[in-house]
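Peer 1: Sending over a structure as structure tokens; questions will come in a sec.
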Amino acid sequence: MPTERAAHWGMWFHAVRPLPELAALAEAAEGRGAAAILVADEGTDRDLYVTLAALAHRTRSVLLVAAVTNPYTRHPVATAAAFASLAELAPGRVVAGLGAGGSRVLGPIGAAPRRPFTTLAETVDVVDQLLAGRVVDHHGEVTVSGAALPWSAGPLPIAIAGRGPRTERFAGERADWVLLAGKATGRVEALARDLRAAGVAARGRAPRLAWNPIVARTPAMAAEVRSHLAYITVDLPAEDRRRLGVDDDLAARLREVVNTEGPDAAAPLIPDAVVDAYTIVGDRAGVAAWLADLCARATPELVAFDASDYSVRFIEECAALARDAGIASGPLSL
């Protein structure tokens, strides 16, 4: 039997399919050994909390992770109430995932955050206190006046995701889970070590890590990767972009094309250096070897595969890939 210390596998969904389909796929993933279902919060997809509620009704053991919501599309008090409501539907299975928000979710609502890191940090504290049953007054980037959720069953694990080093360090120090999404594969091992060290130094325990590798094991997936990387490239810290050959002019062009024509139109503009840095490419055996090696070195608790094809067949392929890479199946407790 696998131990809790082994990496487990899960699926990362975007709510781009009808909710009955997503719920059925979550049930299929659980039946094939997935430990967690992560759901992205993009404002133009189906609602995060309605989606997670639908998944909660069709599953019994998988963790349900918001991956991730932000401080701008909903007020943090509403966010805390939504998470507490989900915890009533799926006690012991909900992870409250928070991030500063990227261009894909903030662009359509015209949000231009003034102090995104500070707003995220305040939101984490407000949500955590409300879930714990405290009365919250807070006046900063976030304003809360005497809010309380006396019906909340208690605190939930907090997951944090972010791009820049400041947010990464905050996640290591503050989060129960850190979501490693949109990270160059060459950084994963060192970043995992640094995040755990930050958690131990800050509060005596390391956060758990959920790694979201970008995998392309077929020609179709390799072609699709460039579209996926369009948003990641636009949101990269400037220093990281330039290191990969994306100067300010190209970044501005990418942002314009992504915002006006969509990521597929921007895909041809993505340099090969970005694909090489962020993607594990190869046949199933080659990708499995990559995953096994990185899991052995970075030891994430969870490996979450993007559902690039929303079908049971694709989920079965992910389960087989996880098995080939020595990644465990079955429940993973909070």
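The values are calculated or read from the model by the stated rules, or taken from the named source; none is laboratory data. No experiment lies behind these values; they were computed from the predicted model shown. With ideal geometry, Cβ positions are generated from the backbone for all residues, glycine too; neighbour counts draw on all protein chains shown. Just the protein is used for accessible areas: all its heavy atoms, side chains included, with ligands, DNA and RNA removed. Shrake-Rupley method; radii C 1.70, N 1.55, O 1.52, S 1.80 Å.
Peer 1: Every residue in the stretch 83-105 that is under 29 Å from residue 263 (Cβ atoms), of a type in the set (A, V, I, L, M) and either open to solvent by 20 Å² or more (accessible area, probe 1.4 Å) or touching a Gly at 6+ places or on another chain (Cβ under 8 Å) (or both), please.
Peer 2: Those that are under 29 Å from residue 263 (Cβ atoms), of a type in the set (A, V, I, L, M) and either open to solvent by 20 Å² or more (accessible area, probe 1.4 Å) or touching a Gly at 6+ places or on another chain (Cβ under 8 Å) (or both): 100, 105.
Peer 1: If the requirement is being modelled with pLDDT of 95 or more, in contact with a helix residue (DSSP H, G or I) (Cβ under 7 Å, 6 or more places away or on another chain), small (Gly, Ala, Ser) and surrounded by 24 or more Cβ atoms within 10 Å (Cβ to Cβ), which of these qualifies: 23, 29?
Peer 2: Among 23, 29, only 29 is modelled with pLDDT of 95 or more, in contact with a helix residue (DSSP H, G or I) (Cβ under 7 Å, 6 or more places away or on another chain), small (Gly, Ala, Ser) and surrounded by 24 or more Cβ atoms within 10 Å (Cβ to Cβ).
Peer 1: Quick test of your reading of the structure: residue 146 fulfils all but one of (1) free of Cβ contacts under 8 Å to residues at least 60 places away in the same chain; (2) of a type outside the set (Val, Ile, Thr); (3) buried (at least 16 other Cβ atoms within 10 Å of the Cβ). Name the failing condition by number.
Peer 2: (3)
Peer 1: Quick one: in the stretch 32-50, of everything that is more than 18 Å from residue 308 (Cβ to Cβ) and crowded, with 24+ Cβ neighbours inside 10 Å, which residue is farthest from the chain's Cα centre (by Cα)?
Peer 2: Quick first cut of the stretch 32-50, residues more than 18 Å from residue 308 (Cβ to Cβ) only: 33, 35, 41, 43-44, 47-50.
Retained after the next criterion (residues that are crowded, with 24+ Cβ neighbours inside 10 Å): 35, 41, 48.
On the way: 35: 15, 41: 9, 48: 13 Å.
Once the filter is applied, the top-ranked residue is 35.
Peer 1: Let me ask something else about it. Is it true that some residue in the stretch 111-120 is within 20 Å of residue 14 (Cβ to Cβ) and either over 19 Å from the mean Cα position of the chain (by Cα) or polar (S, T, N, Q) (or both)?
Peer 2: Scanning the stretch 111-120, I find at least one residue that is within 20 Å of residue 14 (Cβ to Cβ) and either over 19 Å from the mean Cα position of the chain (by Cα) or polar (S, T, N, Q) (or both), so the answer is yes.
Peer 1: Now for a separate question. Starting from the stretch 78-95, keep only residues that are free of Cβ contacts under 8 Å to residues at least 12 places away in the same chain, then list their pairs with residues that are open to solvent by 20 Å² or more (accessible area, probe 1.4 Å) and of a type in the set (D, E, K, R) whose Cβ atoms are within a distance under 9 Å, requiring at least 6 positions of separation or different chains.
Peer 2: Here the result reads none, with nothing in the stretch 78-95 linked to a residue that is open to solvent by 20 Å² or more (accessible area, probe 1.4 Å) and of a type in the set (D, E, K, R).
Peer 1: Looking at the stretch 128-146, can you tell me whether even one residue there is among the acidic types (Asp, Glu), under 20 Å from residue 41 (Cα atoms) and not in a loop (DSSP other than H, G, I, E, B)?
Peer 2: yes
Peer 1: State which residue is farthest from the chain's Cα centre (by Cα) when the search covers only the stretch 1-20 and only residues that are open to solvent by 70 Å² or more (accessible area, probe 1.4 Å) and at pLDDT 95 or above.
Peer 2: Filtering first and then ranking leaves 20.
Peer 1: Let me ask something additional. Does residue 67 satisfy the condition of being closer than 22 Å to residue 178 by Cα, aliphatic (A, V, I, L, M) and in contact (Cβ under 8 Å) with a residue 60 or more places away in the chain?
Peer 2: Working: closer than 22 Å to residue 178 by Cα: yes; aliphatic (A, V, I, L, M): yes; in contact (Cβ under 8 Å) with a residue 60 or more places away in the chain: yes.
Taking the combined requirement at face value, the residue satisfies it.
Peer 1: Can you work out which of the residues in the stretch 206-223 that are out of contact with any Asp or Glu (no Cβ under 9 Å at 6 or more places or on another chain) and open to solvent by 50 Å² or more (accessible area, probe 1.4 Å) is farthest from residue 321 (Cα to Cα)?
Peer 2: Here the answer is 223.
Peer 1: With respect to residue 303, is the statement that it is in contact with a Ser or Thr (Cβ under 7 Å, 6 or more places away or on another chain), open to solvent by less than 40 Å² (accessible area, probe 1.4 Å) and outside any helix (DSSP H, G or I) true?
Peer 2: Considered against the rule, which asks whether it is in contact with a Ser or Thr (Cβ under 7 Å, 6 or more places away or on another chain), open to solvent by less than 40 Å² (accessible area, probe 1.4 Å) and outside any helix (DSSP H, G or I), residue 303 comes out as no.
Peer 1: Moving on to the next point. Return the residues of the stretch 169-182 that are open to solvent by 20 Å² or more (accessible area, probe 1.4 Å) and either acidic (Asp, Glu) or in a loop (DSSP other than H, G, I, E, B) (or both); say none if nothing qualifies.
Peer 2: 173, 176 - these are the residues of the stretch 169-182 that are open to solvent by 20 Å² or more (accessible area, probe 1.4 Å) and either acidic (Asp, Glu) or in a loop (DSSP other than H, G, I, E, B) (or both).
Peer 1: Oh, and also: Filter the stretch 276-293 down to residues that are open to solvent by less than 30 Å² (accessible area, probe 1.4 Å), of a type in the set (A, V, I, L, M) and either touching a strand residue (DSSP E or B) at 6+ places or on another chain (Cβ under 8 Å) or farther than 30 Å from residue 8 by Cα (or both), then give me how many there are.
Peer 2: So the count comes out to 3.
Peer 1: Also: Mind counting the residues in the stretch 112-135 that are at pLDDT below 95 and small (Gly, Ala, Ser)?
Peer 2: 1
Peer 1: Using the structure shown, decide if residue 317 is modelled with pLDDT of 90 or more, assigned to a helix (DSSP H, G or I) and open to solvent by 70 Å² or more (accessible area, probe 1.4 Å).
Peer 2: Numbers: modelled with pLDDT of 90 or more: yes; assigned to a helix (DSSP H, G or I): yes; open to solvent by 70 Å² or more (accessible area, probe 1.4 Å): no.
Considered against the rule, which asks whether it is modelled with pLDDT of 90 or more, assigned to a helix (DSSP H, G or I) and open to solvent by 70 Å² or more (accessible area, probe 1.4 Å), residue 317 comes out as no.
Peer 1: Kindly establish whether residue 251 is open to solvent by less than 10 Å² (accessible area, probe 1.4 Å) and at pLDDT below 95.
Peer 2: Judged against the criteria, residue 251 is a match.
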